[in-house]
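Encoded as structure tokens, the structure appears first; notes follow it.
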Amino acid sequence: METENIGWIGTGIMGGSMCLHLLKAGHRVYVYNRTKEKTDRLTAQGATWCESPAKVAENCSRIFTMVGYPNDVRAVILGADGALAGMATGSILVDMTTSEPSLAREIFARAGQQKVSALDAPVSGGDIGAREGKLAIMVGGERETFDACLPIFEIFGENIAYMGGAGAGQHTKMSNQIMIASTMAGVVESLLYAAKSGLDMDEVIDIIGKGAAAAFSLNVLGRRIAKRDFNPGFFIKHFVKDMGIALDEAKRMNLMLPSLSLVHQFYVGAKALGYENLGTQGLYKVLAGLNHMGN
């Protein structure tokens, strides 16, 4: 693959690692992040800092965004100094944030008016998947644009799929988050039960993590719970956002999702207790506290 100028906007827990893979692959990368210090490890590896998303776009034909919330996506792409303001005809814009399908379709339409191609390409795999370059990437947009970006996706992704038109990537990610939401709640209840009954959490994970209960949430995040490691691979506050998007989309489709609605309140409770910046495994602290087992 030939090296090229690539723009990267959003260098947090996952975005920073994804961008680093591009640098290690030999690409010339231009970066922007609202907190400039979060780009330091990238500029130390040769990335060029830009003062706005538009300035990033002026230097590159392919722009990737990986930020926090839909309003952040709107600002860095559609704002006065957003990426679209600096993109040339024929460029490609890829939003990898987990965001609203309706916003993905709006960006696709606005980009098309400038003869810019756009993809929505949210990812799954958390901090580990980002660091190891093994993310799952689910993509919506035009197939031709997906094919053009596939060699770049393969630098930091392992399981990559084209899912359909604009917004299809985001809808796929919502399906992913709906599944994970209830699974994570099951993990914390399972491990709390194990601890209360006097079992060693790691030993429990060793055996049930290889059977029908096997899941990333248990085998990876469950291990963190056993170590009392609640640092974020994926923030509780961002998961609350994702579940809110899924519930809003379900309402629009006249679809009842009772388990998601219930688990959403669990996460909202964690946020209310001040745990919003913990990883999703921080739900354990909520349940342990309610059951008086300590934090």
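The values are calculated or read from the model by the stated rules, or taken from the named source; none is laboratory data. Here the structure is a predicted model, which means the values were calculated and not measured. Every residue, glycine as well, gets a Cβ built from its backbone with ideal geometry; the counts of neighbours run over all protein chains shown. Heads up: the accessible areas ignore ligands, DNA and RNA and are worked out on the full protein's heavy atoms, side chains in. Shrake-Rupley method; radii C 1.70, N 1.55, O 1.52, S 1.80 Å.
What number do you get for the range 185-295 when its Cα radius of gyration is normalised by 2.2 N^0.38 Å, N = residues?
Working: Rg = 14.6 Å, N = 111, 2.2 N^0.38 = 13.2 Å.
Its radius of gyration relative to the 2.2 N^0.38 Å reference: 1.11.
With respect to the chain, whose longest principal axis is taken over its alpha-carbon atoms, helix 258-272 is tilted by about 90°. Per-peptide packing, taken as the mean over residues of other Cβ atoms within 10 Å, places 119-125, 221-227 in the sequence 119-125, 221-227 from highest down.
Please work out the ratio of the alpha-carbon Rg of the range 106-151 to 2.2 N^0.38 Å and round it to two decimals. Show your work: numbers first, answer last.
Details: Rg = 12.7 Å, N = 46, 2.2 N^0.38 = 9.4 Å.
Relative to the rule-of-thumb radius for its length, the range 106-151 sits at 1.35.
Each peptide in 201-208, 17-24 receives the mean, over its residues, of other Cβ atoms within 10 Å, and ordering these scores from highest gives 17-24, 201-208. Give me the base-10 log of I(q)/I(0) for the chain at each q in 0.10, 0.15 Å⁻¹, Debye formula, one uniform scatterer per Cα, rounded to two decimals. Evaluating at q = 0.10, 0.15 Å⁻¹ gives log10 I(q)/I(0) of -0.55, -1.13. DSSP beta bridges fully contained in the chain are about 15 percent antiparallel.
By accessible area, using a 1.4 Å probe on protein heavy atoms only, the chain has 51% of its surface on carbon and sulfur.
When the Cα convex hull of the range 75-163 is projected onto planes of every orientation, the mean area is 5.7 nm². Considering all different alpha carbon pairs of the range 47-119, the Kirkwood hydrodynamic radius works out to 11.9 Å. If you take the square roots of the eigenvalues of the alpha-carbon gyration tensor of the range 1-151 and sort them as a ≥ b ≥ c, do you get rounded (a/c under 1.5), prolate (a/b over b/c) or oblate? Cα axes put the range 1-151 in the rounded bin.
Quick one: of Lys251/Lys271; Lys24/Lys134; Lys196/Lys241, which pairs are farther than 26 Å apart, Cα to Cα? Walk me through the intermediate numbers first.
Numbers: Lys251/Lys271 23 Å; Lys24/Lys134 15 Å; Lys196/Lys241 32 Å.
Beyond 26 Å: Lys196/Lys241.
Assuming charge only on the beta carbon of Lys and Arg (+1) and of Asp and Glu (-1), the dipole of the chain about its Cα centre is about 460 debye to the nearest 20. Note on the range 111-199: semi-axes of the ellipsoid equivalent to its C-alpha gyration tensor, largest first and rounded to whole Å, are 35, 15, 8.
Once the Cα atoms are used to define both axes, helix 101-113 deviates from the longest principal axis of the chain by about 10 degrees. Here the gap between Ser197 and Gln265, fully extended at 0.36 nm per residue and compared with their Cα-Cα distance, gives a gain of 21.8 nm. With both partners inside the range 60-176, how many of the DSSP beta bridges are antiparallel, as a percent to the nearest 5? Antiparallel bridges: around 20 percent, rounded to the nearest 5. A straight chain from Asp248 to Ala148 at 0.36 nm per residue would run longer than the Cα-Cα distance by 32.8 nm.
Hey, what number do you get for the chain at 222 nm if only DSSP H runs of n ≥ 4 count, each worth -39500 (n - 2.57), divided across all residues, to the nearest 500? My calculation for the chain gives -15000 deg cm²/dmol from helical runs alone. Residues in the chain average 45 Å² of solvent-accessible surface per residue, probe 1.4 Å, ligands and nucleic acids excluded.
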